[in-house]
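Participant: Quick one: the structure is below, and I'll ask about it shortly.
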Amino acid sequence: MKIIFGIAGEGYGHATRSKPVIEHLKKHDVKIFTGGKGESYLSNYPIKRVTSFRLVYKNNSVNTLRSALLNFVKIPGAIYSLAKTIVFFYNFKPDLVINDFELFTNWAANIFRVPLIHINNGEVFRCGEIETPKKPYLSYLKALFWSLVINPKKDHGLIPSFFHVPVKPGNKLVFPPLRKEIKNLRSHEGDHILVYQTSKNNNKLLEILRQINKKVIVYGFNKKQIQQYKIFKNIILKNFNENDFFEDLANCKAVITNGGFSLMSESIYLKKPILSCYVRKQFEQEVNSYYLEKNGFGMSVKELSKEKIDRFLENLTKYKEELRKHKWHDNFFEELGKLLEQIKM
């Protein structure tokens with residue numbers, strides 16, 4: 001089959017999830033459209049570069065105004081990317097589009113009426129009967145608006161999720177596809193806590209971490225901050241290196257991160273308890289964090305503090321027991337295969 005694969009370039013999560021899907025589809029003629037961090041992470045594959053919109057974070061919250069201003073200046077590039085994508089569709093004549101929240105291949109698939117499979121985990125709040133303790137309506141409405149803009153229509157929804165909720169007809173919840181590097185890891189409980197965060201100016205986090213009596217390995221800060229915080233004996237700040245990160249994840253005692261789906265899923269697969277301090281004003285992360293706690297895999301917090309970390313660490317045994325009972329089913333590629341056969345007919 002001739003397949004176009006559109007992958008969102010904001011953050012690394014969409015790209016890391018899509019990598020095993022690309023590998024699985026090797027026997028097909030697959031063309032990849034992405035930009036931003038997606039282009040960086042998938043640089044070993046031939047990429048059709050398109051404009052990637054970004055979010056700006058400050059103090060673990062989405063800065064709506066700065067995000068809007070940053071993306072406003074990208075509009076000319078976005079118009080060019082859409083035109084380029086439409087021309088490519090016209091010449092390539094794809095049989096199928098697989099999309100992980102990428103704008104231009106979604107729109108082109110609708111224009112040319114090409115069968116479209118969505119594999120974005122964020123679709124769960126649009127297609128599933130989700131719950132939250134108190135729905136943050138502004139964040140929800142913004143997320144719904146962008147979901148409708150980017151994904152106006154689909155033929156099939158293959159929604160990766162580590163939790164179960166009822167979904168609308170035409171959609172199916174599946175366990176997320178995992179990178180082979182993660183599946184090949186041997187999980188071991190070491191003495192350190194792994195911390196991954198995406199807000200590079202979140203210095204408050206480091207001030208909290210230095211107060212806990214545990215070894216902490218932190219990813220996500222810049223080189224200047226790494227030099228500045230070398231004085232804290234219990235904190236090791238590392239530049240991101242995938243192999244080092246895999247090793248630190250496999251051998252950690254627990255994980256502290258935001259509400260990002262990919263690291264949560266990989267940590268759950270490896271049976272690692274998670275303290276999730278979700279990025280505020282980002283509804284998808286709030287949903288992920290809520291269901292993490294509801295399933296007993298860890299703790300969800302709006303703000304981090306030493307007291308909350310201590311409470312999380314006190315309950316590690318309880319979280320580990322729930323993770324031990326959790327059964328992971330590698331059903332993503334089985335369900336994808338069924339859809340491919342259905343579309344071929």
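Participant: Which one, 258, 44, 331, has the greatest fluctuation when you compute a Gaussian network model over the chain with C-alpha springs under 10 angstrom?
Facilitator: Its mean-square fluctuation being the largest, the pick is 44.
Participant: Okay, moving on. What is the distance, in nm, between label points placed 7 Å from the Cα along the Cα-to-Cβ direction at residue 91 and at residue 183?
Facilitator: 3.5
Participant: Sticking with this one: Can you give me the angle between helix 75-92 and the longest principal axis of the chain, using Cα atoms only, in degrees from 0 to 90, rounded to the nearest 10?
Facilitator: For 75-92 against the chain, the angle is about 50 degrees.
Participant: First check a/c for the range 181-325, with a ≥ b ≥ c the square roots of the eigenvalues of its C-alpha gyration tensor; if it is under 1.5, answer rounded, and if not, answer prolate when a/b is larger than b/c or oblate otherwise. Before the final figure, lay out the partial values.
Facilitator: Details: a/c = 1.42, a/b = 1.23, b/c = 1.16.
Judged from the Cα gyration tensor, the range 181-325 comes out rounded (a/c under 1.5).
Participant: If I model a spin label at residue 43 and residue 73 as a point 7 Å from the Cα along the Cα→Cβ vector, what separation in nanometres do I get?
Facilitator: Once both label points are built, they end up 2.3 nm from each other.
Participant: Using Cα atoms only, what is the angle between the long axis of helix 13-24 and the major principal axis of the chain, expressed in degrees (0 to 90) to the nearest 10?
Facilitator: Value to nearest ten degrees: 60.
Participant: Another question, if that's okay. Under 11 Å from the Cβ of residue 326, count the other residues' Cβ atoms, weight Lys and Arg +1, Asp and Glu -1, and hand me the total. Walk me through the numbers on the way to the answer.
Facilitator: Numbers: positive: 271, 320, 324, 325, 327; negative: 321, 322.
Neighbour charge sum, excluding residue 326 itself: +3.
Participant: I've got another one for you. Quick one: which of 1-12, 170-181 comes out on top by average Cβ neighbours within 10 Å, and what's the full order, highest first?
Facilitator: Working: 1-12: 22.2, 170-181: 18.2.
Packing order, densest peptide first, comes out as 1-12, 170-181.
Participant: Give the angle, between 0 and 90 degrees and rounded to the nearest 10, that separates the Cα long axis of helix 316-325 from the longest principal axis of the Cα atoms of the chain.
Facilitator: 40
Participant: Using Cα pairs under 8 angstrom and six or more residues apart, how large is the relative contact order of the chain, in percent? Don't skip to the answer; put the middle values down first.
Facilitator: Working: 615 pairs, mean separation 52.7, N = 345.
This gives 15 percent for the chain.
No lab work stands behind these numbers, since they all come straight from the coordinates. These figures come from a predicted structure and were not determined experimentally. In this analysis, Cβ positions are derived from the backbone assuming ideal geometry, glycine residues included, and neighbour counts consider all displayed protein chains.
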